[in-house]
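Engineer: Before anything else, here's the structure in question.
The values are calculated or read from the model by the stated rules, or taken from the named source; none is laboratory data. On a predicted model such as this, the values are computed, not experimentally measured, just so you know. Here Cβ is always computed from backbone atoms with ideal geometry, including for glycine, and neighbour counts include all displayed protein chains. Surface accessibility is based on the protein's heavy atoms, side chains included, excluding ligands, DNA and RNA. Shrake-Rupley method; radii C 1.70, N 1.55, O 1.52, S 1.80 Å.
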Amino acid sequence: MNKRVVVTGLGVAAPNGVGIPAFTAAIKAGTSGVRHDAELAALQFSCQIAGKPEVPESVQLQYLDALELRSFNSNGILYGLIAGIDAWKDAQLPVGAEVPPDWDSGTIFGAGSAGVDKLREAIYKVDALNVRRLGSTVVPQTMASGISAWLGGKLALANQVTTNSSACTTGAESVLMAYDRIRNGYAKRMLAGSTSDAGPYIWGGFDGLKVCTFKHNDNPEAGSRPMSASASGFVPGSGAGALVLESLDSALDRGATIYAEVLGGHVNAGAQRGDGSMTAPNSIAVQRCIREAVKAAGIDAADIDAINGHLTATGKDALEVENWSIALDRRGSDFPYLNALKGMIGHCLSGSGSIELVAAVLQLHEGFLFPNINCEDLHPEIAAIVAPEKIPQQLIYKDLNLIAKASFGFGDVNACVILKKYK
């Protein structure tokens, strides 16, 4: 018999809040984490604003010891460690070198890249004929599975320990992969999540693609404008989100706090056909992904209370809303409430889906809809599909039962997760 799967722990390192209390307060208040970035300005980027978690050394030392930090230069792994370890602790699970291997617990923790700054450092040393001075820490900081390997050791995880990577779909995909493993009885607990490096060597390619905004360098907090008529591209971001997924049986046995239930979802791709491409979604695939997620979750589309969209502040926001409307057969005042977290944090790339899923779980657990910021001039094509009151611009306290969260990524890949309030 398939197991029910619930969320028992949350962790986050986001541009507008590191740690669940700070992040929760920030999203309720509509606080932006987008700031001017002096490094991007010095490097003459068109977009000179970004979303980056603020992690002083005093906080870093809570997750890495002084020896580990001495040669550490991988901010994506740092963000993932903060989110992952916090989520594990939040679930009241043991942490420490004395903890024996936990054969029932693992992690699927995604990343789009790993240790780009560390890799750059290593490349310069190799080119300068200093290969013997690379040290022993380059590989663990730059291998694709670096974040899951670090978390596996820190948390004594002895079930599957791996990293997935599917561009901006990574975080949502990690949750569904972890869900499948628990549902089928292969693990009792899985730490799901994803992370993204920060910095010019990650963001430069997007600036070169001209998909980042250049119009708000003097007003960073207004720069990320999902669903806005004046949106002019996304703001690059970074960070990590983490969720402890657990079988309901295990959670009840432990007396764990249950934040929400994962009902299921769907992952697919559009094959870069139709209106899909390497950088654009195939609308038929997006609609199919949403419909199949609803079907897998065993719910009726009419019962979805809210959508946590991908909504990046590019020219594709209106198309995404249209695809939701077609897939769910809902529009106008019948459309679910619609949220876009990227207005506050920018587009955190491979970390975006998991940070947004953490927000969605908090909304179910505490009963609120966070305000959509920077869309006071709602895009007319969106306003024609969704009644404006369903795109709240102020905090609303409301009992929510079902939230659908979707992510779409380069390569024309899609994922949709259905979350339910646990009762």
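Engineer: Within the stretch 255-279, how many residues are assigned to a loop (DSSP other than H, G, I, E, B) and either modelled with pLDDT under 95 or farther than 16 Å from Asp90 by Cβ (or both)?
Structural biologist: The total comes to 10.
Engineer: Tell me which residues, restricted to the stretch 165-176, are in a loop (DSSP other than H, G, I, E, B) and open to solvent by 10 Å² or more (accessible area, probe 1.4 Å).
Structural biologist: Ser165, Ala167
Engineer: Please state which of the following conditions Glu221 fails to meet, knowing it meets all the rest: (1) open to solvent by less than 20 Å² (accessible area, probe 1.4 Å); (2) part of a helix (DSSP H, G or I).
Structural biologist: (1)
Engineer: For Ser113, state whether it is assigned by the TED database to the domain that holds Gly11, touching a residue at least 12 places away in the same chain (Cβ under 8 Å) and more than 20 Å from the chain's Cα centre (by Cα).
Structural biologist: no
Engineer: Would you pick out the residues in the stretch 177-199 that are over 16 Å from Leu248 (Cβ atoms) and open to solvent by 10 Å² or more (accessible area, probe 1.4 Å)?
Structural biologist: Scanning the stretch 177-199 gives a single hit, Met177.
Engineer: Could you say which residue among Asp90, Asp127, Asp65 is touching a residue at least 60 places away in the same chain (Cβ under 8 Å) and in the same structural domain as Met143 (by the TED database)?
Structural biologist: Values: Asp127 fails: touching a residue at least 60 places away in the same chain (Cβ under 8 Å); Asp65 fails: touching a residue at least 60 places away in the same chain (Cβ under 8 Å).
From the options Asp90, Asp127, Asp65, the qualifying one is Asp90.
Engineer: Among the strands (runs of 3 or more DSSP E) confined wholly to the stretch 1-81, which include 2 or more residues that are open to solvent by 30 Å² or more (accessible area, probe 1.4 Å)?
Structural biologist: So the answer is 34-36.
Engineer: In the stretch 299-313, is there at least one residue being in contact with a Lys or Arg (Cβ under 8 Å, 6 or more places away or on another chain), open to solvent by less than 70 Å² (accessible area, probe 1.4 Å) and in a helix (DSSP H, G or I)?
Structural biologist: The answer is yes, given that some residue of the stretch 299-313 is in contact with a Lys or Arg (Cβ under 8 Å, 6 or more places away or on another chain), open to solvent by less than 70 Å² (accessible area, probe 1.4 Å) and in a helix (DSSP H, G or I).
Engineer: Which of the residues belonging to the stretch 205-219 are charged (D, E, K, R) and under 23 Å from Ala167 (Cβ atoms)?
Structural biologist: Those that are charged (D, E, K, R) and under 23 Å from Ala167 (Cβ atoms): Asp207, Lys210.
Engineer: Give the stretch 245-260 a look and list any residue that's surrounded by 20 or more Cβ atoms within 10 Å (Cβ to Cβ) and under 21 Å from the mean Cα position of the chain (by Cα), or say none.
Structural biologist: Leu245, Glu246, Tyr259, Ala260, listed by residue number.
Engineer: Would the stretch 384-402 turn up any residue that is farther than 30 Å from Tyr201 by Cβ, in contact with a Ser or Thr (Cβ under 8 Å, 6 or more places away or on another chain), assigned to a loop (DSSP other than H, G, I, E, B) and open to solvent by less than 10 Å² (accessible area, probe 1.4 Å)?
Structural biologist: Within the stretch 384-402 (the criterion being farther than 30 Å from Tyr201 by Cβ, in contact with a Ser or Thr (Cβ under 8 Å, 6 or more places away or on another chain), assigned to a loop (DSSP other than H, G, I, E, B) and open to solvent by less than 10 Å² (accessible area, probe 1.4 Å)), the answer is no, since none of the residues qualifies.
Engineer: Moving to a separate point now. Answer yes if at least one residue in the stretch 322-344 is touching a helix residue (DSSP H, G or I) at 6+ places or on another chain (Cβ under 6 Å) and among the aromatic types (Phe, Trp, Tyr), and no otherwise.
Structural biologist: Looking through the stretch 322-344, at least one residue is touching a helix residue (DSSP H, G or I) at 6+ places or on another chain (Cβ under 6 Å) and among the aromatic types (Phe, Trp, Tyr).
Engineer: Restricting the stretch 318-343 to residues that are in a loop (DSSP other than H, G, I, E, B) and among the hydrophobic types (A, V, I, L, M, F, W, C), which is surrounded by the fewest Cβ atoms within 10 Å (Cβ to Cβ)?
Structural biologist: Phe335
Engineer: Before we move on, is Ile373 open to solvent by 10 Å² or more (accessible area, probe 1.4 Å) and not hydroxyl-bearing (Ser, Thr, Tyr)?
Structural biologist: Yes, satisfied.
Engineer: Let me ask something else about it. Which of (1) within 30 Å of Ser148 (Cα to Cα); (2) of a type in the set (S, T, N, Q); (3) in contact with a Gly (Cβ under 6 Å, 6 or more places away or on another chain) is the odd one out, the single condition Asn414 does not satisfy?
Structural biologist: Result: Asn414 passes all but (3).
Engineer: Please verify whether the stretch 59-75 includes one or more residues that are of a type in the set (S, T, N, Q), under 16 Å from the mean Cα position of the chain (by Cα) and under 19 Å from Asn16 (Cα atoms).
Structural biologist: yes
Engineer: Do we find that Val161 is open to solvent by less than 10 Å² (accessible area, probe 1.4 Å) and either out of contact with any Phe, Trp or Tyr (no Cβ under 7 Å at 6 or more places or on another chain) or in contact (Cβ under 8 Å) with a residue 24 or more places away in the chain (or both) in this structure? Can you show your working first?
Structural biologist: Numbers: open to solvent by less than 10 Å² (accessible area, probe 1.4 Å): no; either out of contact with any Phe, Trp or Tyr (no Cβ under 7 Å at 6 or more places or on another chain) or in contact (Cβ under 8 Å) with a residue 24 or more places away in the chain (or both): yes.
Here the answer is no, as Val161 does not meet what is asked.
Engineer: May I pose another question? Among the residues that make up the stretch 233-244, is at least one of them of a type outside the set (Phe, Trp, Tyr), touching a helix residue (DSSP H, G or I) at 6+ places or on another chain (Cβ under 6 Å), in contact (Cβ under 8 Å) with a residue 24 or more places away in the chain and surrounded by fewer than 24 Cβ atoms within 10 Å (Cβ to Cβ)?
Structural biologist: no
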